[in-house]
Amino acid sequence: MKKIIFIFFNILLLLMVSACGDNKLTKIRVAEVTHSVFYAPQYIAIEMGYFKEEGIEIELINAGGADKVMAGLLSNDIDVGFSGPEATIYVYNNGQENYMINFCQLTKRDGSFIVSRTPIENFTMDMLKGKSILGGRSGGVPLMNLEYVLKEAGLSVGRDKEGYDVLVRTDIQFNAMAGAFVSGEADFTTLFEPTALLLEKENKGFVVTSVGKYSKEVPFTSYYVTKEYLNKNEDVVRRFTKAIKKAQDYLFSHTDLEVATSIHKQFSDISIEDLEEVVKRYREADVWCDSPFFSEEGFNRLMDIMEEANELEKRADFDKIVTNKFVK
């Protein structure tokens, strides 16, 4: 009898261990280009437990630039990259065999704001004539899109000191732009939130407009993985996409205050009230996608912008580096 009980106990123990194993979360290392409220759906998915509902545990890494995100992917130090998809175009065009595939779009417009040293009411782009502005890293979408909208406004753009309406500076690293501006570099800068708001709170800078207000829809930020990772982990990528879709649905069905409250843990250094204001700014700028779908029209517009900036020698194949397979 004791032997039967012993065997039964061991079988029960094995079943319990097996059940625990089935509930084990898949850990995914995600490198984001920067940490910003601009990426609110991502933080909603983390804080509201949508990734865990899909059996995923996220290790979030702030890479501080799209080039660093890509370096992490190429070295297998991360699993999922998150930045402007221009980085995936560069890698594909450079002939990388294990190139990147975009599978989920998060934002559809520029998320940066133009910040001045003094408050300006009724700002117009021609107020930048004869001025300098910190634009970001050469080859990055924020810089290229800024130059594109300046040209669309009828302003000539240059990166040296003479002969142009606006001097767009690329000599300051993305993560150092706020500090450089406060220390006296340039007349204007572009910043993401909540950095722009924090400067306003200290009276060291003032938001005058959203760059996205002047730009057409483009795939400004997206998630991507290597071709090899995708081939081996389709189910993981599908579940990841599903979690983001849940977060997008939450974003568009809840108030600015509710969204701010849901992601406050990610931005605990600012108040709920300030975070609500930032969410409001981004919502008014119409920056967020309501679906992970990545459109070919937006992809082509992005390459138009890259060509205008002389950063693209040949156009990439949409069907090669983008998939909407998991959006359905």
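Could you list, in sequence order, the residues of the stretch 270-318 that are hydrophobic (A, V, I, L, M, F, W, C) and not in a loop (DSSP other than H, G, I, E, B)? Talk me through it step by step, then tell me what you get.
Taking the stretch 270-318 as the starting set, the residues that turn out to be hydrophobic (A, V, I, L, M, F, W, C) are 270, 272, 275, 278-279, 285, 287-289, 293-294, 299, 302-303, 305-306, 309, 312, 316, 318.
Result: I272, L275, V278, V279, W288, F299, L302, M303, I305, M306, F318.
If the requirement is being acidic (D, E), closer than 18 Å to V237 by Cβ and in the same structural domain as A40 (by TED's automatic domain parsing), which of these qualifies: D67, D79? Lay out the reasoning, then the answer.
Numbers: D67 fails: closer than 18 Å to V237 by Cβ.
Checking each option against the conditions leaves just D79.
Test each condition in (1) within 20 Å of the chain's Cα centre (by Cα); (2) of a type outside the set (G, A, S); (3) surrounded by 13 or more Cβ atoms within 10 Å (Cβ to Cβ) for E296 and report the one that comes out false.
Only one criterion in (1) within 20 Å of the chain's Cα centre (by Cα); (2) of a type outside the set (G, A, S); (3) surrounded by 13 or more Cβ atoms within 10 Å (Cβ to Cβ) is unmet by E296, namely (3).
Would you check which residues across the stretch 64-97 are more than 25 Å from R109 (Cβ to Cβ) and of a type in the set (S, T, N, Q) and list them?
S75, N76, N94, Q96
Could you please find all residues in the stretch 84-100 being surrounded by fewer than 21 Cβ atoms within 10 Å (Cβ to Cβ) and either on the phi > 0 side of the Ramachandran plot or in a strand (DSSP E or B) (or both)?
G95 - this is the single residue of the stretch 84-100 that is surrounded by fewer than 21 Cβ atoms within 10 Å (Cβ to Cβ) and either on the phi > 0 side of the Ramachandran plot or in a strand (DSSP E or B) (or both).
From G72, G81, grab the single residue that is out of contact with any Asp or Glu (no Cβ under 8 Å at 6 or more places or on another chain), outside any loop (DSSP other than H, G, I, E, B) and under 23 Å from T195 (Cα atoms). Full working, then the answer.
Values: G72 fails: under 23 Å from T195 (Cα atoms).
None of the other options fit; the residue is G81.
Scanning the stretch 45-69 for residues that are in contact with an Asp or Glu (Cβ under 8 Å, 6 or more places away or on another chain) and buried (at least 20 other Cβ atoms within 10 Å of the Cβ), which turns out farthest from A31 (Cα to Cα)?
F51
Scan M125, M70 and give me the residue that is among the aliphatic types (A, V, I, L, M), in contact (Cβ under 8 Å) with a residue 24 or more places away in the chain and within 14 Å of E32 (Cβ to Cβ). Talk me through it step by step, then tell me what you get.
Numbers: M125 fails: within 14 Å of E32 (Cβ to Cβ).
Residue meeting the stated conditions: M70.
The values are calculated or read from the model by the stated rules, or taken from the named source; none is laboratory data. As the structure is a prediction and not an experimental result, all values here were calculated from the model. Ideal geometry is used to build each Cβ from the backbone, glycine not excepted, and the neighbour counts take in all protein chains shown.
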